[in-house]
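The values are calculated or read from the model by the stated rules, or taken from the named source; none is laboratory data. All of these numbers come straight from a predicted model, not from anything done at the bench. Reconstructed Cβ throughout: ideal geometry from the backbone, glycine too, with neighbour counts over all protein chains shown. The protein model used for the area step is the full one, side chains on, heavy atoms only, and it has no ligands, DNA or RNA in it. Shrake-Rupley method; radii C 1.70, N 1.55, O 1.52, S 1.80 Å.
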Amino acid sequence: MREPLISVRDLRVQFHTYAGVVNALNGVSFDLYPGEVFGLVGETGCGKSVTGLALLQLIPPPGEIVGGQILYCGQDLRTLPPAQMRSLRGGKIAMVFQDPAAALNPVFTVGEQMEMVIRQHRRVSRRDARRQAAEMLRAVGMPDPLRILNAYPHELSGGMQQRVMIAIALSSGAEVLVADEPTTALDVTIQAQILDLLVSLKKERGIAILLITHNLGVVAETCDRVGVLYAGSVMEMGPTTAIFREMKHPYTQGLLAAIPHAERRGRFLSAIPGSVPSGLQIPPGCPFHPRCAFAWDECRNEIPSLLPVDEGHWVACHLYGRGRR
Amino acid sequence: MKIWEYILRRLMLALLVLFGVSLVTFIIARVVPSDPAALWVGPRPTLEQLAAARAKLGLDQPLPVQYLRYLGSLLRGDLGVSIKTHQPIIQDLRAYLPATLELVLVGMAMAVFIGIPLGVLSGARRNSLLDHFSRLLAVAAVSIPTFWLGLLLQILFFRELRWLPISGRVSIETTLYQPIRTLTGFYLVDSLITRNWPAFSDALLHIILPAFTLATYAIGLSIRMTRSTIVEVLEEKYIVAARAAGLPERTVLFRLALKNAIVPTLTVLALSFVYSLTGAILVEVIFSWPGLGSYVTAAVLSADFPVIMAVTLIVTAFYVVINLLLDLVQAALDPRVVLR
Ligand SMILES: Nc1ncnc2c1ncn2[C@@H]1O[C@H](COP(=O)(O)OP(=O)(O)O)[C@@H](O)[C@H]1O
Ligand SMILES: [Mg+2]
């Protein structure tokens, strides 16, 4: 098998708030391979964005990575000196966000913002940076790059803004793109276009994409593999087809059962009773056990570990752990 | 060009404002119980002298005629004559206005180059030592009485350290041996143009203490204002995005964030600038700085209305022009601002 570009191992993140310690990530592990889209799904607050920000070492205070490793090319990003980490950001690992209108600086033109990033990573003249910026805009499917370069973000539509964000993110040769809900703020038709763009960038440039979303439809359309996150832990992980056809974890089953509701009501998980635990009080044992129809004693006391059930298909659930032992 | 249209329209409006101000000051000057003719003639006037003065000053005419005459001379650029010194006011202003402007501009530069960076760093590193220091500084700066600070600085930098001169715009030696040829009335500019280096450095040393004393309030304001807007702007998503793109903190703070945060600071600085034109009197007195503040204060004390009216008009003109500049700067900084 190929070497992963990024390996996240047992990642733990805490926020030290006045209300107490919020355990946002409680030992998250996954690999990201070149040329794949890995989807990270889960309900709001389960730790998806925090995972994405952790890859760039940009957890905002009062948050802190308290354990685990993030390996990129064999180096642990947690121990990388700040200057080197900075050149990785945008240079090797880039990120795009949910709301492109808010993620673009309103008082600089698209061209100025792109030039700034390009010249931060490459020693090129302003003219060359501008030429590269125009090329990148063309690569993300912008019809009239020269006009876009001189435009301010508010003069563009939401879909164009997100294309610009992607162009900025990839303008300096990033190999890994963290896309945090990149289509959530967009119209449905535009959503499909942006997802198509991401898939084509993966195919044409071999970029690895960590696609963060709460939308299983998006996962089904774009992801090669999926990780299901719940209360800061990976519940199940595997090829998209396996997850959709042979989901093992009761939580995943609940998620998938909720899909028709999602389309009707604009949110999902109405099928699972109870609510997501707060990071302040993660239930002991399996974090899902209070909402799980199959929970028994072991689930309340012991944290299930992520174990393989099939080729590349992993589940953290005592239902499956027991049979294997 | 659209922008020229806008500027032209604003300048027309400014003329209207100036016209209104001239009318109001004129009315006040005539309503207040003081006799310009008596002031013109001096102590113990005779009735004939008073009548002659009244005729000379046009006070024997009906009020509307007086006002129209006043307007007429204003339009010709004639600000009138001081009824106390009998000097043409424009001549006095040529000396006092550049002195004040030079002082205030240097002070504003200090506020910009000290206050804004401190505010940015303080907002970026909340609750750090630097933040505590600059917040303390900001509170101290707006609450220290000017006269006390001025005297303190004189004691420290003149008497104790002997680094800086105590007062005046230049030293006597400069006046005697390296006199500055007056072109603009700004000593720093004039000595620079004429390459009179000894005079330039002398003028520079002289302006430091008074400008700083004058600027402390503005420094305090700009620290606080910049800090609070920067704190807000740093919460924005585009700041995270900029960091995620690998831009260094220096660029993030002083380019990306500051451009979004600077307008409120510039606004308070502009107001403080206009206020200082006549409000710098304490600084002018302490540092023997021949400025507009002392000039207009003397005029007020002796009810020298032509001077008061002239200075009011000048300050109003500055106020309107600076507000116009502020709007233009804001539009230049933020493409979403529409000038109308
Ligand atoms: N700035 C913060 N301060 C405190 N807690 C935070 C902060 N950001 C995130 N968290 C906590 O981390 C958890 C995960 O958040 P996040 O990754 O943003 O969720 P999502 O999966 O919706 O992207 C949340 O439960 C939240 O309580
Ligand atoms: Mg999120």
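Of the residues making up segment A:193-222, those that are buried (at least 17 other Cβ atoms within 10 Å of the Cβ), more than 16 Å from ligand 1 (Cβ to nearest atom) and outside any helix (DSSP H, G or I) are A:Ile207, A:Ala208, A:Ile209.
Each residue in segment B:235-255 was checked for being over 12 Å from A:Ala103 (Cα atoms) and free of Cβ contacts under 8 Å to residues at least 24 places away in the same chain, and 7 pass.
Restricting A:Leu177, A:Leu137 to residues that are in a helix (DSSP H, G or I) and buried (at least 21 other Cβ atoms within 10 Å of the Cβ) narrows the list to A:Leu137.
Restricting attention to segment A:223-241, the residues that are surrounded by fewer than 21 Cβ atoms within 10 Å (Cβ to Cβ) and either in contact with a Lys or Arg (Cβ under 9 Å, 6 or more places away or on another chain) or over 19 Å from A:Val315 (Cα atoms) (or both) total 3. Whenever a residue of segment A:223-252 is under 15 Å from A:Glu43 (Cα atoms) and assigned by TED's automatic domain parsing to the domain that holds A:Ile303, its partners that are open to solvent by less than 20 Å² (accessible area, probe 1.4 Å) and basic (Lys, Arg), lying with C-beta atoms within less than 7 angstrom and at least six residues away or across chains, give the pairs A:Leu229/A:Lys48.
Each residue in segment B:32-57 was checked for being surrounded by 12 or more Cβ atoms within 10 Å (Cβ to Cβ) and either of a type outside the set (Gly, Ala, Ser) or on the phi > 0 side of the Ramachandran plot (or both), and 11 of them qualify. Counted as qualifying within segment A:67-121 are the helices (runs of 4 or more DSSP H) with 1 or more residues that are at the interface with chain B (Cβ under 8 Å from one of its Cβ atoms) and open to solvent by less than 10 Å² (accessible area, probe 1.4 Å), namely A:100-103, A:110-121. Checked against the criterion of being within 14 Å of chain B (Cβ to nearest Cβ), open to solvent by less than 10 Å² (accessible area, probe 1.4 Å) and at pLDDT 95 or above, the candidates A:Leu32, A:Leu40, A:Leu55, A:Leu25 yield just one match: A:Leu55. Can you say whether B:Thr278 is in a helix (DSSP H, G or I), under 17 Å from the mean Cα position of the chain (by Cα) and at pLDDT 95 or above, as far as the supplied structure shows? Criteria not met by B:Thr278. Please determine whether any residue of segment B:103-115 is aliphatic (A, V, I, L, M), modelled with pLDDT of 90 or more and out of contact with any helix residue (DSSP H, G or I) (no Cβ under 9 Å at 6 or more places or on another chain). No, segment B:103-115 has no match at all.
The set of residues in segment B:1-31 being of a type in the set (Val, Ile, Thr) and surrounded by 11 or more Cβ atoms within 10 Å (Cβ to Cβ) consists of B:Ile3, B:Ile7, B:Val17, B:Val21, B:Val24, B:Thr25, B:Ile27, B:Ile28. Kindly indicate whether any position in segment B:183-200 is hydrophobic (A, V, I, L, M, F, W, C) and crowded, with 24+ Cβ neighbours inside 10 Å. The answer is yes, given that some residue of segment B:183-200 is hydrophobic (A, V, I, L, M, F, W, C) and crowded, with 24+ Cβ neighbours inside 10 Å. Contact map, segment B:306-333: first residue open to solvent by 40 Å² or more (accessible area, probe 1.4 Å), second residue of a type in the set (Lys, Arg) and part of a helix (DSSP H, G or I), Cβ cut-off under 8 Å, separation 6 or more or different chains; pairs are B:Asp327/B:Arg10.
Those residues that are more than 12 Å from every other protein chain (Cβ to nearest Cβ), in a loop (DSSP other than H, G, I, E, B) and open to solvent by 40 Å² or more (accessible area, probe 1.4 Å), I need them from segment A:180-192; list them, please. Once the filter is applied, which keeps residues that are more than 12 Å from every other protein chain (Cβ to nearest Cβ), in a loop (DSSP other than H, G, I, E, B) and open to solvent by 40 Å² or more (accessible area, probe 1.4 Å), segment A:180-192 yields A:Thr184, A:Asp187.
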